[in-house]
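Presented below is the structure to which this report refers.
Readers should treat all values here as calculations from the given coordinates under stated rules, not as data from a laboratory. Keep in mind that what you see is a predicted model, and the values were worked out from it rather than measured. Here the Cβ positions follow ideal geometry from the backbone for every residue, glycine too, while neighbour counts run over all protein chains shown.
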Ligand code: AMP
C-alpha cells in the first residue's frame, strides 16, 4: 500500500471508514476530492475498537457496493486490508490515548479509543496522506486523534467535516439500519435534546438547568448514557457555561446506541470542531 500510495500526486487526502457507506462518508470523500490531488479511502472493520460484547461480527458489511460508491465519488485508491494483515499473530502494541479516551465513549466502550488510535496510526503509515478526513459526528474521536497526531509528531493535518443528517435531524450512521420502527421514530429526539441544551445555555441557563432542558426532549425507548457540555480541547465536562463548547450525548435503547453532538462556537464565531472550507468565511461575510 505504501509503495502504491507514494505514486499518487500530492496532496493526498485519506478518508478512513468501516464501510456500510452512507452520505456522511461520501461527504468526507467529496471534501477530500475538492481539497487534494488524490483521494485514498480505507475500508476496514477494526476488531480492536469493538468491546468484547459489541457487534464486530454483525457489523454491516457491503464491500462491492462500498467499492462502487467510492469509485463513483472519485476515490483513486481503496485500502481494504484483511484483519490478519493489520494484526498478524504476535501483534501486541497499541496506542494509549490517555485521559481524553477514558471518558464518555471510552467509558461505555472499554478499549475503544486505543483501538481507534492504533488503526489510524497504522493507516497513516500505510498511506502517508497530507490530510486526514474525519466526521464531526464522532467528536471525541476527532479530539483523541488530533492529540495523538500532535503527541506523536505525525506529519498529517486533520480536516473535520460537518455531521450529515437525515431530513428529520437524525445523524447518519451505518448502525441506523438496526433500529426498529419505534426506535427510528424516537431517534431524532437525541439531536433535539442536544439542541435544547445549547439553546438553554444561550439563554443564560446553568449547565444543570440546560442539561435538564435537554433530557426532557429525549423520547423513549431511548435513555441517556450521558449528556454533557465539554471543553472542545480537553473533552472535560464543564461545570459552568463557557464558549466554545461541545454538547455531547449518547442514548441507549436495549442493544442500540445513538451518538451525536452539537457545537457552541467561540465568541468570534469559530467552530470548535469543524475545519472551515477555504474561502467559506469570506463568502459568509459578503
Ligand atoms: P465509520 O465508518 O463509522 O468508522 O466512520 C468513518 C468516518 O465517517 C468517521 O470519520 C466518522 O466520523 C464519519 N462519519 C460517520 N457518520 C457521519 C455523519 N453522519 N456525518 C459526517 N461524518 C460521519
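Some notes on this structure:
- Principal-axis tilt of helix 139-151 within the chain, Cα atoms, nearest 10 degrees: 50 degrees
- Each 10 Å bin from zero holds the following percent of Cα-Cα pairs in region 10-67: 22, 45, 26, 7, 0.
- Residue of 45, 236, 116 that the Gaussian network model of the chain assigns the largest fluctuation, springs spanning Cα pairs under 10 Å: 236
- Rounded to the nearest 10 degrees, the inclination of helix 112-127 to the longest alpha-carbon principal axis of the chain is 40 degrees.
- For the chain, adding -39500 (n - 2.57) for each run of n ≥ 4 DSSP H residues and dividing by the number of residues yields -10000 deg cm²/dmol at 222 nm.
- Bridge type composition, the chain - antiparallel percent by DSSP, nearest 5: 55 percent
- Value of Rg/Rh across region 37-123 [Cα atoms, Kirkwood radius]: 1.01
- Counting only Cα atoms, region 43-202 measures 46, 38, 34 Å along its principal axes, largest extent leading.
- Percentage of interatomic Cα-Cα distances in region 158-271 larger than 22 Å: 32 percent
- Fewest-first ordering of 22, 125 by other beta carbons within 10 Å of each residue's beta carbon gives 125, 22.
- With the biggest extent put first, the Cα atoms of region 210-286 measure 47, 26, 22 Å across the principal axes.
- Whole-Å distance, taken between Cα centres, linking region 33-61 and region 229-261: 23 Å
- Whole-number D in µm² s⁻¹ for region 119-168, Kirkwood Cα-pair radius fed into Stokes-Einstein, 20 °C, 1.002 mPa s: 183 µm²/s
- Binned Cα-Cα distances of the chain, short to long, each 5 Å bin given as a whole percent: 1, 5, 11, 15, 19, 18, 14, 9, 5, 2, 0, 0
- Expected-Rg normalisation [2.2 N^0.38 Å, Cα atoms] applied to region 77-149: 1.14
- Fluctuation leader among 58, 257, 33 - the chain, Gaussian network, Cα springs under 10 angstrom: 58
- Relative to the longest principal axis of the Cα atoms of the chain, helix 63-72 runs at roughly 90 degrees.
- Cβ-based exposure ranking for 93, 130, 142, in which fewest neighbours within 10 Å come first: 93, 130, 142
- Debye-sum result for region 190-253 in log10 I(q)/I(0), which assumes one identical scatterer on each alpha carbon, at q = 0.20, 0.23 Å⁻¹: -0.69, -0.88
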